[in-house]
Amino acid sequence: METFIANLLNGLSWGMLLFLISVGLTTVFGVLGVLNFAHGSFFMLGAYLCMQIMHVVPSFWIGILVGPMLVALLGVIVERLLLRRVYGRDITFQLLLTFAILLVLDDAVRLVWGPGYHVVEAPALLAGTVPLFFHSYPVYRLFLVAAGPVIGGALWSFFHFTRWGRVVRAAAADREMAAGVGIRVPALFTAVFALGTWLAAIGGALAAPHQSLAPSMGERIIIESFIVVVVGGMGSFPGAFAGALLLGLLESFGTVFAGRAQMALPFILLALVLLVRPRGFFGREG
Amino acid sequence: MKRFFAILTVILMLAGLLPAAPATAAEPVKIGFVYIMSGPFATYGQFAKKGAELAIDEINKAGGILGRPVEACFEDSTGKPDVAMRAIRKLVYQEKVDCLIGLDSSGVAKSVVPSIAQLKTPLIITHAATPDVTGTVCNRYTFRISLNLAQNVKTAALLAARTDARTWTTVGPDYAFGHQSWEYFQKYLAEIEPGAKFLPKDQIAFPPFKTTDFSAYITKIMQTKPDGVLISLWGGNLIDFVRQGAEMGFFNGDYEVLVTLGAATEVLSALGDKMPEGLWVGSRYWFLANDSALNRDFVKNYHGRFGEYPSYNAHGAYGALLTYKAAVEKAKTVDKDAVVTALEGLTVELPVGTITIRPEDHQAVTDACWGKTAADPAYPIRILKPMQIFRGVDITPPASDTGCTMK
Amino acid sequence: MDARKSTSPALRAGLAAMVLVLAAAPLVMPVYWTIILTEIFIMGLFAMSFNLLLGYTGLLSFGQAGFFGVGAYAAALLILNNCSSLGLILAAGILGGGVAAAVIGYFCVKRDEIYFAMITLGFGMMLYTIAHNWIEVTGGSDGLPVSAVPAFGFAGLEIQLAEPRNMYLFVLAVSLGEVYLLWRLVRSPFGLLLSAVRENKERLAFVGANVAVVRLVSFTIAGALAGLAGGLFCLFNCMATPDFMHWSYSARPVLMTILGGSGIFLGPACGAAIFFVLEQLITNVTENWMIVLGAILIPVVVYFPRGILGTVWARLHREREGGRS
């Protein structure tokens, strides 16, 4: 029982982190129709910029406020200069373009911050631990478990209850019609991509006190985020949430039963779900 | 179409010919280095490059090798076996190097070593720790001067036997390195202390390499309540495990903890004061271990030039050049076969201490240093206090055990 | 496609000349570039197997390295069990890749576009995990190093493939044979069926063709050819390792195909050549090849929608047509 609850918490906190990383990816896909290979690199940039800002102003909260905004700015530039040119092209080109962006960003991070490892401290408010059965449990993990639904809920409300959110959803559903009723679709796409990169960077900044920073951290997470997005249903919000939780819990409880198949768990999940539900849990058929 | 291919062919030829400019009169001794220079583990290659550059400058300032200057060619293995093979072939066929130095990944090393015999060029391995390259796939041209997995884990077993811990478990990366570390540890500790117990397969933890959240593994190990834990994680995995484990009370002193690569400087400097005190940690080289003039100079010069303490990989590349120089001076020629013969049985002083390359399997018999992590105001990172030095002869398994059938 | 109507005598003569140039190349080329060219052929073959799916059948496979790796392991296992027939070793690669692709393809071919890419990624990585963890057979994460590749018996001579020029000629011969077969395949009625699947699978289904079966056959052939490339790669590098099956190796043929142009028969092979030459040039100058390669790829993807060879081809074609009119 104790192990069960510990693994439940472990899985939930990891799943929430996966959700925060994947939610921007699924938003961008839902609206722009682009599967962004460089999403993990924006995640990484969020973490590194948060760390860099903390070197100047030693506050995690300022880091997480300013860092992701800078990354979103980069997102605007990337969308305006590059991504815009491949909308409507074959998915292969979009994957390859964003893969090339990944190569550039990953190497740029290595050039700026060096190839070594860095760590970021959790804010004092969340640095402690609480007792839990046979070990202590970090407050920061519980914070992650709470942060996931809060950010997810805020985004969901934004898309469903605000005018802007509805405009985005309209454009996602039918690009031509949205343009017909006077929505400036190109500007909207830029804004959505910026939102996606901002979310990736927020995920990175939130992950920073939890894992070491290295130029490979984006590459490590990207395939798992793809899996979360596809399993949940591409472009689906609740889908990303469900997919992330499922993968988080699976990897956590996998340590009990999976043995040496642990490494393959995300891929087994991916293939099984696509076999049973070709568009993922919440995906639109068609 | 034809024109296009003609142009392509010309480009190919030009690209091939350009670097092969005619050699100058004072012909240099060329050394080829193959390390991970890019990608996730570039930090290891960059350390090696610093160590190599320091050694080459020192050797050239002192008159070179046999009066000839040393020239380095660095190639990037990217940590992938086929790319490493291409790099090695480039160094041998194109750059025509006299000796190869390098190899970080064990998997890469094991894959390329059998081909070294066909390229007939000496290879001095300085990092990859798999016992197999001086064991089952050993050959005449392959040498290793760094501490290998078997030696390091034997040291861990000697330390483990001194503790009160009876029941042992492990956390290691889910690939050959992690599994072999545990396998050898069980073998050696059972030999020294027949009463030692080891937790069964389903209770030990081998997190996949890409893991960043170790909480489930930490829970798993803590729940089995062992007396001692052997940790063979390294690099970013180790940093993540140590931080997350510290938060969850893993290092509160309930178990003896042996970290086979915990004294690596890239880990210690990233963790800073977040590295718990009182853990037994090892490495392939610890810059404060050997109080010799050579080591003091090496540490001083390295720190002066690069502003950091030398990591084991920097020492590996530095040491390999000293080893090669000694072998050439013994052979009095850079002829590859003569150098190979000279390397066999060679004794040479390196910063880590005096090493001897065994002729039977080409593994260096070298000292190991372990210690307990401790804070020291004189250093920005945790250092080892107290230190335990283990003599190479005590920790190197006999050549007959390695599976090497060269001789 | 352009290629279908362009076997003019001039082109044939050109191709024959090219083959002669390639066969004679090692006489003048530095050894290292002979080795690089060998690798280009193998990777070109791999990319062309991939393009049978992407360019001809309209399927983006992101697990092609799985079959490439199965081919490499099949070859390595035969060599380690003292098989001395190169024909048998390569046949094992083809068979291994083909069987794996037939089984996996059965589950995948009903999916489209990104879902096809993802499910093939999933299965490819499962193969990777098997190779990585089934220590008894695959050697685990270290893979299977091969210390000696069997000699090639030709006209009573023992030709050692460890010698790079011999390996080059051997790989060249196998590649040419395979390219010829592929060429025949895509120009056969079956090839036309593939293109029809790509262009409009609904209409094809409507006229009674079984789209899934056509795709499965194509997927199996592509897997078999990837297995052959993998077998050659094993001989070439004297190893089979799990890395060969990782998704990052599946990304290689995608990259090469888009670089060269998926609409041209030889586009992927040309992309492989461009990729390797670029990589050599970049890594000669800098360790930061990733940033340079990325900076080169971005404009290629944006401005060469048909790939480099595809764009050059279209340009030449237009010139020729313009000259005639």
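Calculation over all alpha carbon pairs of the stretch A:1-124 in 5 angstrom steps from 0 returns a P(r) of 2, 9, 16, 19, 18, 14, 11, 7, 3, 1, 0 percent. Among B:Phe177, B:Phe287, B:Phe206, the largest mean-square fluctuation in a Gaussian network model of chain B (Cα springs under 10 Å) belongs to B:Phe206. Candidates C:Phe50, C:Pro305, C:Gly98 compared by Cα position along the dipole of chain C: farthest toward the positive end lies C:Pro305, with charges placed on Cβ.
Along chain A, counting only trypsin sites (Lys or Arg not before Pro) with a DSSP assignment other than H, G, I, E or B and at most 15 other Cβ atoms inside a 10 Å radius, the longest segment between sites is A:185-283.
Around the Cα centre of the protein assembly as shown, unit charges on the Cβ atoms of Lys, Arg, Asp and Glu (plus for the first two, minus for the last two) sum to a dipole of about 2820 debye.
Per-residue mean of other chain beta-carbon atoms within 10 angstrom of the beta-carbon, peptide B:90-99?
Working: counts 7, 1, 2, 7, 7, 1, 1, 0, 0, 0.
That average works out to 3.
Between A:Gly67, A:Gly239, A:Gly153, the GNM of chain A built on Cα springs shorter than 10 angstrom shows A:Gly153 fluctuating the most. Label-to-label distance, A:Ala258 versus C:Ser84, with points set 7 angstrom from Cα along the beta-carbon direction: 4.6 nm. Per residue, the convex hull spanned by the Cα atoms of the stretch C:65-127 amounts to 69 cubic angstrom. Compactness ratio for the stretch A:184-286: Cα radius of gyration over 2.2 N^0.38 Å (N = residue count) comes to 1.22.
Using a cutoff of 8 angstrom between alpha carbon atoms and counting only pairs six or more residues apart, the relative contact order for chain B works out to 17 percent. How far is the Cα center of the stretch A:116-135 from the Cα center of the stretch B:300-316, in Å? Between the Cα centre of the stretch A:116-135 and that of the stretch B:300-316, the gap is 32 Å. Spatially, the stretch C:265-289 and the stretch C:102-149 are offset by 26 Å when compared through their Cα centroids. Applied to the stretch A:174-188, the Karplus parametrisation 6.51 cos²θ - 1.76 cosθ + 1.60 on θ = phi - 60° returns per-residue 3J(HN,Hα) values of 8, 4, 5, 5, 4, 5, x, 8, x, 7, 7, 4, x, 5, 4 Hz, with x for Gly and Pro.
Mean separation of Cα pairs under 8 Å and 6 or more residues apart, divided by the residue count, gives the stretch A:2-276 a relative contact order of 41 percent.
Take the eigenvalues of the Cα gyration tensor for the protein assembly as shown, scale each by 5, and report the square roots as semi-axes in whole Å, largest first.
Values: eigenvalues 377, 304, 135 Å².
Ellipsoid half-lengths, sorted descending, are 43, 39, 26 Å.
Estimated from the Cβ-Cβ distance and a Förster radius of 45 angstrom, the FRET efficiency linking B:Asp376 and B:Glu183 is about 0.80.
For A:Phe282, the amide hydrogen comes within under 5 Å of the amide hydrogens of A:Gly233, counting only partners 5 or more places away or on other chains and with H modelled in the peptide plane.
Size descriptors for chain B (Cα atoms only): Rg and Dmax, in that order, 21.9, 77 Å. The stretch A:241-286 and the stretch B:124-139 have their alpha-carbon centroids 39 Å apart.
Among C:Ile291, C:Ile159, C:Ile274, the largest mean-square fluctuation in a Gaussian network model of chain C, built with springs joining Cα atoms closer than 10 Å, belongs to C:Ile291. The ellipsoid equivalent to the alpha-carbon distribution of the stretch C:9-324 has semi-axes of 29, 26, 20 angstrom, derived from the gyration tensor eigenvalues as √(5λ) and listed largest first. Each principal axis of the Cα cloud of the stretch B:25-145 was taken in turn, and the coordinate range along them, longest first, works out to 39, 31, 25 Å. From the Kirkwood radius over Cα pairs of the stretch C:237-325, Stokes-Einstein at 37 °C and 0.692 mPa s returns a whole-number translational diffusion coefficient of 226 µm²/s. Under the classification rounded if a/c is under 1.5, otherwise prolate if a/b is larger than b/c and oblate if not, where does the stretch B:242-285 fall, given a ≥ b ≥ c as square roots of the Cα gyration tensor eigenvalues? Because a/c hits 1.5 or more and a/b fails to exceed b/c, the stretch B:242-285 counts as oblate. Amide H to amide H, with H built 1.01 Å from N, B:Val29 comes under 5 Å of B:Val70, B:Glu71, counting only residues 5 or more places away or on other chains.
Can you order the peptides B:299-305, B:37-43 by their average number of other Cβ atoms within 10 Å per residue, highest first?
Working: B:299-305: 14.3, B:37-43: 24.0.
Ranking the peptides B:299-305, B:37-43 by packing returns B:37-43, B:299-305.
Looking at the protein assembly as shown alone, DSSP beta bridges between its own residues are antiparallel in about 45 percent of cases. The alpha carbon convex hull volume per residue for chain A rounds to 142 Å³. Taking amide H as placed 1.01 Å from N in the peptide plane, A:Phe37 has its amide H under 5 Å from the amide H of A:Thr98, A:Phe99, each at least 5 places away in sequence or on another chain.
If only the Cβ of Lys and Arg carry +1 and only the Cβ of Asp and Glu carry -1, the dipole of the stretch C:9-324 around its Cα centre is close to 1140 debye.
Since every read-out is calculated from the coordinates, none of them should be taken as a lab result. Worth saying up front: this structure is predicted, and the values here are computed from it rather than measured. Glycine gets a Cβ as well: all are built from the backbone with ideal geometry, and neighbour counts include every protein chain shown.
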